[in-house]
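Contents: one structure, followed by commentary.
The values are calculated or read from the model by the stated rules, or taken from the named source; none is laboratory data. Only a predicted model underlies this, so the values are computations on that prediction, with no experimental measurement involved. We place every Cβ from the backbone using ideal geometry, glycine too, and count neighbours over all the protein chains shown. SASA here: full protein model, heavy atoms, side chains in, ligands and nucleic acids out. Shrake-Rupley method; radii C 1.70, N 1.55, O 1.52, S 1.80 Å.
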Amino acid sequence: MALLEVDHLSVTYTPRDQPANRAVHDVSFRIADGEFVGLLGESGCGKSTLGNAVLRLLSPPAHITGGRVSFDGVDLTEADEERLRELRWVDLSTVFQSSMNSLNPVIRVEAQFADTFAAHKVPGDVTARATELLELVALDRRVLRAYPHELSGGMKQRVALALALALRPKLVLLDEPTTGLDVVVQRSILTRLAELRRELGFAVLFVSHDLGTVLEMADRVMVMYGGEIVEDRPAGEVLREPRHPYTRGLLGSYADPRLPEVRVSYIPGRPPDLSRTHTGCLFTARCPHAEDACRTTHPDLLPDRGGLVRCLVAQEDRLPVVTLGTAEAHTALGSHFPATAGLDRPADPADAAPVLTVERVTKRYTSRRGLRTSSVEAVRDASFTLRRGTVTALVGQSGSGKSTLARLITGVERPSTGEVRFTGGDGPDLRVDRLRGRALRDYRRHVQMIFQDPFSALNPTRTIAYALSRPLANFAGLGGAAARERAAQLLESVGLAPAGQFLDKLPHQLSGGQRQRVVTARALAPEPRVLIADEPISMLDVSIRAEILELLGDLVREHRLAMLYITHDLLSARLLADEVLVLNQGTVVESGPTREVIGAARDDYTRLLLDSIPNPFAKATGRAASPSA
Amino acid sequence: MSTPAPAVPAPGTDTEGVQAAATAVARTTRLPGWFVILWRNRKCRIGLLMLAAFVLLAVFAPLLAPYDPHEDAFPTSLGPTGSHWLGTTAQGEDVLSQLVVGARTSMLVGLAAGVLSTLIGLVIGLTAGFVGGWVDEVLSFLINLGLVVPALPLMVTLAAYAPVRGIWLIIVVISVTGWAYGARIKRSQVITLRTRDYVTAARFAGDGTARIIAREIVPNMTSLIVLGFMGAALAAIGGEAGLAFLGLGDPLTVSWGAMLNQASLGGAMLTGQWAWLIAPGLALSLLITSFTLINFGIDALSNPHLRED
């Protein structure tokens, strides 16, 4: 008997205002003692719903509509709340993406451990046990005395992990535990997690949309699409030969940025709408190998070469053979998808005219605490130039001063010393660090921003047409029908066609990728010279990141824009940028043409960033991504 | 204006737009969304029906009242009889007619003072929260002052010493003493909203502060504003009744508070005229109850999680 047995589980959302949505459909799987299983898929494929259903944490309008879950011999679908309470956390614990926010802000970390022990009547010295647990997740014992707000996101997430392991559970559900943290922190948490599992031997169900991290960590991988499991096989096998076209598509988003030629691919389209009934295979609309039979026959999950796959073409062995893990194969894989993002191109920034120059800029923040004042240099002596038609990537961890530089360039803040000069306008050169009021507003027409979170960058109560009409009215003097027509053109220029379908929509009716396109269209509306993109893809699904990168790259070339691309992800920098600046604690540690900086990194910090990138192929090619030590 | 989307997307094309269109079509109700949500909540439905009854009563008061409320030719201090269902006052006026016409005063005061104090609170709260800095310091000081000054004594003083009398004086007095609470809540809400990316984006789009507040921020706090209005209207109705009961109301206006005042002065308790005493009190409590019930529904409006069951 396996530790966790899920049989024919179905979950349906029945909201009052929308049609019912079968988020999880007839899912069966087993997890053995100590096994590390990854659950993969884009957002909206039912992964988290499945995870929550296993823990019986679903809240209305979601309901389990069929099947059963049994854990260690106990039927969880039938168990009452009291029985569940005994099991949860003791044998079955969890860490969510937002777990760092689940720490109680008004009590110290130690007290949160004490609560956990008290709730489950664990005897013994709380401090000793809590210290031991913190050591497990590589945190200092001083953290015990801290309040949650005194800790960074990564530290809080580690505390959440320590709490999840506090009662030595048999199974830990990790739902996107490192999404939203930056690459270096993510790497250190994952490394620690792998070590812990070896030491303590708990089983893990690891839910993520990031195939790179899952493949590195897991023994076995299950891929979910449209509420169904479409592939289930050992992680090594998935790397060697993924059998479902969807898995292949997901793998296409990864590449080693250090290779001389880097290609990624993406899966066009979005997951299916589960509130409608579909005939045939759910992936047909996005599948490059779809045949006539796929449109009419719904495939079953059948054994196939040491795993399970739900694909007619693969089951009949007519899927083109691809061996992953080599650059050539990866290129071949990309070509299976019609919209390969051929983003890699030689950098030639020499002939581009400077648009904005940052010269020896330092930004000091002074804070007063009681009688003492302390000052922090967020940016130290940074100099660089943004040029027409060129993408400059600013790479660094969170807290390295990237966003401060963006604020200095946009005039939101002023540097303590140094100059920011804008030379791209029609008039005389501007000293951005001296602008105020009206002049600052006029300057912003030339410098526009693309935000990190497409969900908060658009006002939820305003239509797309309104969002686009504002810059047009303020900077181009367009109103009424003229503005609407221009807004439609802008939408089509960012790939939202036909525009008429989008103009009168509200943001919540669009997907994350579509919203980011709208945000981009709004930034283009005043015809700026400089575009600042602050982590524009980090909140998006891995499968559509390349799509947005491709769009940004095209826009830069087409409009001859200077772009500052802010990121912690060197792979995307490698794909998009002509020049790279690596920022560590406010100081530029390395800069130059992208290929040179990334291909032959000289600085230790740059190498650390490179090593932290999740790279599923590292396992296959035997070159393990070395931990951050 | 959206064009109908094809039902089946061609393979390989973008399926996103089609799905968004499908979800939009799935909404079949013709009533506005906010009303549907309010109506679904049982408590709120009862509240809406009660309020509707009071509104109808107030609007059609002259038709519904059996007599002129100021007509004092009837026998004095009658108990409930066939021709005077709730009896007559010590001056010989019909209590039922006064009750019906008095609904107009309460409704008018609730509406006008509610709107006025919501507006004051909105302007001060939004400006303080959005602009920040010394403007916030000054306005927050005013808000705090408004919160700690005891409202009833201030109301009584203002009403007692004002050179004019009348229902509008009462409305103004209630508004200037009752805006602070709403302003404080709105200020806190704006502080959380003003750091949203879309506000920054509006700045980059060249919008000015006033426009950002009116077009980007206010629409995101509708439910809070409605909630604030309900609270202010409730307090205003209670405040008017209190002032009138203390004899500080307009002597020429018929209101439930004034009725209570006269019942007390006219010795309704001693003469056993329970109807004269209880009717206006009960009407007030029912009106206030209806507002409270509606607020349950407004909670669901601002928090989608409360809509499900």
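Which condition does B:Pro219 not pass, out of (1) in contact with a helix residue (DSSP H, G or I) (Cβ under 9 Å, 6 or more places away or on another chain); (2) within 14 Å of chain A (Cβ to nearest Cβ); (3) of a type outside the set (Ser, Thr, Tyr), if it passes all the others?
Only one criterion in (1) in contact with a helix residue (DSSP H, G or I) (Cβ under 9 Å, 6 or more places away or on another chain); (2) within 14 Å of chain A (Cβ to nearest Cβ); (3) of a type outside the set (Ser, Thr, Tyr) is unmet by B:Pro219, namely (1).
Looking at B:Leu96, B:Leu116, B:Leu86, which is the one that is modelled with pLDDT of 90 or more and either within 30 Å of B:Ala263 (Cβ to Cβ) or among the hydroxyl-bearing types (Ser, Thr, Tyr) (or both)?
B:Leu116
Just one of the numbered conditions (1) within 14 Å of chain B (Cβ to nearest Cβ); (2) over 18 Å from A:Pro272 (Cα atoms) is not true of A:Ser43; which one?
For A:Ser43, the failing item is (2).
Among the residues of segment B:242-268 satisfying the criterion of being in a loop (DSSP other than H, G, I, E, B) and not small (Gly, Ala, Ser), which is nearest to B:Thr177 (Cα to Cα)? Before you say what the answer is, go through the steps one by one.
If we filter segment B:242-268 for residues that are in a loop (DSSP other than H, G, I, E, B), which is where we start, we get B:246-255, B:266-267.
Adding the requirement that they be not small (Gly, Ala, Ser) leaves B:246, B:248, B:250-254.
Values: B:Leu246: 17, B:Leu248: 16, B:Asp250: 18, B:Pro251: 22, B:Leu252: 24, B:Thr253: 22, B:Val254: 23 Å.
Only one residue tops the list, namely B:Leu248.
Among the candidates B:Phe296, B:Phe291, B:Phe229, single out the residue that is at pLDDT below 85 and assigned to a helix (DSSP H, G or I).
Of the residues listed, the single one that is at pLDDT below 85 and assigned to a helix (DSSP H, G or I) is B:Phe296.
Condition check ((1) β-branched (Val, Ile, Thr); (2) open to solvent by 20 Å² or more (accessible area, probe 1.4 Å); (3) within 14 Å of chain A (Cβ to nearest Cβ); (4) under 16 Å from B:Leu243 (Cβ atoms)) across all residues:
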residue: B:Asp136; (1), (2), (3), (4): no, yes, no, no
residue: B:Leu145; (1), (2), (3), (4): no, yes, no, no
residue: B:Gly166; (1), (2), (3), (4): no, no, no, yes
residue: B:Thr209; (1), (2), (3), (4): yes, yes, yes, no
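Looking only at segment A:102-126, filter to residues that are more than 18 Å from A:Arg141 (Cα to Cα) and among the aliphatic types (A, V, I, L, M); which one of those is surrounded by the fewest Cβ atoms within 10 Å (Cβ to Cβ)?
My answer is A:Val106.
Check A:Asp292 against each of (1) at the interface with chain B (Cβ under 10 Å from one of its Cβ atoms); (2) open to solvent by 50 Å² or more (accessible area, probe 1.4 Å) and name the one condition it does not meet.
(1)
Conditions (1) open to solvent by 10 Å² or more (accessible area, probe 1.4 Å); (2) assigned to a loop (DSSP other than H, G, I, E, B); (3) in the same structural domain as A:Ser511 (by TED's automatic domain parsing); (4) in contact with a helix residue (DSSP H, G or I) (Cβ under 8 Å, 6 or more places away or on another chain), marked per residue:
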{"position": "A:Val230", "(1), (2), (3), (4)": "no, no, no, yes"}
{"position": "A:Arg248", "(1), (2), (3), (4)": "no, no, no, yes"}
{"position": "A:Tyr254", "(1), (2), (3), (4)": "yes, yes, no, yes"}
{"position": "A:Pro260", "(1), (2), (3), (4)": "yes, yes, no, yes"}
{"position": "A:Asp273", "(1), (2), (3), (4)": "yes, yes, no, yes"}
{"position": "A:His278", "(1), (2), (3), (4)": "yes, yes, no, no"}
{"position": "A:Leu282", "(1), (2), (3), (4)": "yes, yes, no, no"}
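For segment A:489-509, what are the residues that are within 11 Å of another protein chain (Cβ to nearest Cβ), touching a residue at least 24 places away in the same chain (Cβ under 8 Å) and open to solvent by 10 Å² or more (accessible area, probe 1.4 Å)?
Within segment A:489-509, A:Gly495, A:Asp504, A:Lys505, A:Leu506, A:His508 qualify.
Evaluate segment A:93-101: report whether one residue or more is within 14 Å of chain B (Cβ to nearest Cβ) and under 26 Å from the mean Cα position of the chain (by Cα). Before the answer, list the steps.
Narrowing segment A:93-101 to residues within 14 Å of chain B (Cβ to nearest Cβ): none.
For segment A:93-101, residues within 14 Å of chain B (Cβ to nearest Cβ) and under 26 Å from the mean Cα position of the chain (by Cα): absent.
So, of the residues in segment B:186-199 that are within 11 Å of another protein chain (Cβ to nearest Cβ) and at pLDDT 90 or above, which turns out to be nearest to A:Ala457 (Cα to Cα)?
So the residue we want is B:Tyr198.
Here are the criteria: (1) out of contact with any Gly (no Cβ under 6 Å at 6 or more places or on another chain); (2) under 30 Å from B:Ile191 (Cβ atoms); (3) open to solvent by 20 Å² or more (accessible area, probe 1.4 Å). Tell me which single one B:Leu277 does not satisfy.
Only one criterion is unmet by B:Leu277, namely (2).
Looking at B:Leu306, is it part of a helix (DSSP H, G or I), modelled with pLDDT under 85, of a type in the set (A, V, I, L, M, F, W, C) and open to solvent by 20 Å² or more (accessible area, probe 1.4 Å)?
Yes, satisfied.
Which residue pairs have Cβ atoms closer than 9 Å, lie 6 or more positions apart in sequence or on different chains, and pair a first residue in segment A:3-19 that is at positive phi with a second residue that is modelled with pLDDT of 85 or more and open to solvent by less than 50 Å² (accessible area, probe 1.4 Å)?
From residues that are at positive phi, the pairs are A:His8/A:Val27; A:His8/A:Ser28; A:His8/A:Gly66; A:His8/A:Gly67.
From A:Pro272, A:Pro257, A:Pro268, grab the single residue that is touching a Leu at 6+ places or on another chain (Cβ under 7 Å), within 14 Å of another protein chain (Cβ to nearest Cβ) and modelled with pLDDT under 85. Working first, answer last.
Working: A:Pro257 fails: within 14 Å of another protein chain (Cβ to nearest Cβ); A:Pro268 fails: touching a Leu at 6+ places or on another chain (Cβ under 7 Å).
Exactly one of A:Pro272, A:Pro257, A:Pro268 is touching a Leu at 6+ places or on another chain (Cβ under 7 Å), within 14 Å of another protein chain (Cβ to nearest Cβ) and modelled with pLDDT under 85, namely A:Pro272.
Mind counting the residues in segment A:518-530 that are crowded, with 22+ Cβ neighbours inside 10 Å and within 11 Å of chain B (Cβ to nearest Cβ)?
The number of residues fulfilling the criteria is 6.
So if I check each of B:Ala10, B:Ala26, which one is at pLDDT below 75 and open to solvent by less than 50 Å² (accessible area, probe 1.4 Å)?
B:Ala26
Mind listing just one residue for me: the one in segment A:13-25 that is more than 14 Å from every other protein chain (Cβ to nearest Cβ) and out of contact with any Asp or Glu (no Cβ under 7 Å at 6 or more places or on another chain) and, of those, modelled with the highest pLDDT?
Among those residues, the one meeting the criterion is A:Val24.
Only one residue in A:Arg529, A:Arg574, A:Arg522 is within 16 Å of A:Val183 (Cα to Cα) and in contact with a strand residue (DSSP E or B) (Cβ under 9 Å, 6 or more places away or on another chain), so which one is that? Outline the logic, then answer.
Values: A:Arg529 fails: within 16 Å of A:Val183 (Cα to Cα); A:Arg522 fails: within 16 Å of A:Val183 (Cα to Cα).
Step by step, each of A:Arg529, A:Arg574, A:Arg522 is checked, and only A:Arg574 is within 16 Å of A:Val183 (Cα to Cα) and in contact with a strand residue (DSSP E or B) (Cβ under 9 Å, 6 or more places away or on another chain).
Considering only residues of segment B:29-60 that are open to solvent by less than 80 Å² (accessible area, probe 1.4 Å) and facing another protein chain (nearest Cβ under 9 Å), which is modelled with the lowest pLDDT?
B:Gly33
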